[in-house]
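Read through the structure below, which is laid out as structure tokens, and then see the notes.
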Amino acid sequence: MSRIMLVGCGKMGGAMLDGWLKRGVAASDVLVIEPNAAVAAHPGLRVVKSPGEIPADFKPDVVLIAVKPQKMDEAVPALARYGDAVYLSIAAGRTHAYFARVFGPKAAVVRSMPNTPAAVGRGITVAVANAHVSAAQRQACDALLAAVGEVVWTDDEATIDVVTAVSGGGPAYVFLLAEVMADAGVAAGLTRDLADRLARATVAGAGELLYRSKESPATLRENVTSPAGTTLAALQILRPDEGMPSLMRRAVAAAAARSRELAG
């Protein structure tokens, strides 16, 4: 699987492209379709602004679709002529059934959901292949996705909507946590600069500890929480029925429902 067509080179597509090139993929084996050609500038990389500009001699093995779901209907139909390739989508909401309508019922399609820590090589992606994806095509897709972090495969496409809600949107929830922690620190008397630095370093450090530790999040939380101490006083505010657990369940359910809505 040596030739890759990247359709869309925004934040996620660009992160994946950087990961491939760092892993040794030759820039000459990648063709990028991106209206804003400047975002995909790499020595030796071929970039076109629309499918109509794709060189006739470029035959991709993998077509990675990294456009927003709302742009899908105008961006992907012209790619149906690459039916010998595997189509690898990282768009929320667009199902195997959708791609079968666009590319044909026998098209090989992998639907996946990465997240934005891919930009620093620490993403996680869940992927599901349809019945027409060969073992070699699945291996190629796994290698491309693994260039930006962990890859988990599932046989149940329905789980992708919940994955979208948990890990796809999850970085935004963590960033919100840092934001509101800093705001709370300012409200309690810290300067804005100190509050921002404390919140950023605390969230980043706790995330790294969680990543490296074999202990569960619950155990790590308990390790920080002394009986009758200050952390317990805070958790007694955050963990009641209407606190963080309830809010997170509602937030994930809302995001999953929206992912299903995008499928039409």
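Of the conditions (1) free of Cβ contacts under 8 Å to residues at least 60 places away in the same chain; (2) within 30 Å of the chain's Cα centre (by Cα), VAL252 clears all except one; give me its number.
The one condition VAL252 does not meet is (1).
Got a number for residues in segment 57-89 being under 14 Å from VAL30 (Cα atoms) and surrounded by fewer than 21 Cβ atoms within 10 Å (Cβ to Cβ)?
Of the residues in segment 57-89, 4 are under 14 Å from VAL30 (Cα atoms) and surrounded by fewer than 21 Cβ atoms within 10 Å (Cβ to Cβ).
Go through segment 16-65 and tell me which strands (runs of 3 or more DSSP E), entirely inside it, have 1 or more residues that are out of contact with any helix residue (DSSP H, G or I) (no Cβ under 9 Å at 6 or more places or on another chain).
Strands (runs of 3 or more DSSP E) meeting the threshold: 30-33.
Could you say which residue among ASP73, ASP18 is acidic (Asp, Glu) and at pLDDT 90 or above?
ASP18 is the lone residue from the list that is acidic (Asp, Glu) and at pLDDT 90 or above.
Cβ-Cβ below 7 Å, separation at least six or inter-chain, first residue in segment 45-61 and of a type in the set (Ser, Thr, Tyr), second modelled with pLDDT of 90 or more: which pairs?
Close Cβ pairs satisfying both conditions: SER50/ILE33.
Within segment 124-139, can you find the residues that are surrounded by fewer than 21 Cβ atoms within 10 Å (Cβ to Cβ) and part of a helix (DSSP H, G or I)?
Selection gives ALA135, ALA136, ARG138, GLN139.
Output the number of residues of segment 28-77 satisfying the condition of being among the acidic types (Asp, Glu) and more than 21 Å from CYS141 (Cβ to Cβ).
Within segment 28-77, residues that are among the acidic types (Asp, Glu) and more than 21 Å from CYS141 (Cβ to Cβ) number 4.
Select the helices (runs of 4 or more DSSP H) contained entirely in segment 140-247, then report the ones holding at least 3 residues which are of a type in the set (S, T, N, Q).
230-238
Identify the single condition in (1) closer than 19 Å to LEU176 by Cα; (2) surrounded by 13 or more Cβ atoms within 10 Å (Cβ to Cβ) that ALA234 does not satisfy, given that it satisfies every other one.
Exception for ALA234: condition (2).
If you check ALA147, ALA107, ALA91, which single one turns out to be within 22 Å of LYS68 (Cβ to Cβ), within 11 Å of the chain's Cα centre (by Cα) and not assigned by TED's automatic domain parsing to the domain that holds ARG249?
Step by step, each of ALA147, ALA107, ALA91 is checked, and only ALA91 is within 22 Å of LYS68 (Cβ to Cβ), within 11 Å of the chain's Cα centre (by Cα) and not assigned by TED's automatic domain parsing to the domain that holds ARG249.
Could you grab me the full set of residues in segment 104-123 that are in a loop (DSSP other than H, G, I, E, B) and not basic (Lys, Arg)?
Scanning segment 104-123 gives GLY104, PRO105, ALA107, PRO114, ASN115, GLY121.
The values are calculated or read from the model by the stated rules, or taken from the named source; none is laboratory data. None of these values were measured; they are calculated from a predicted model. Positions of Cβ are generated from backbone atoms using ideal geometry, with glycine treated the same way; all protein chains shown enter the neighbour counts.
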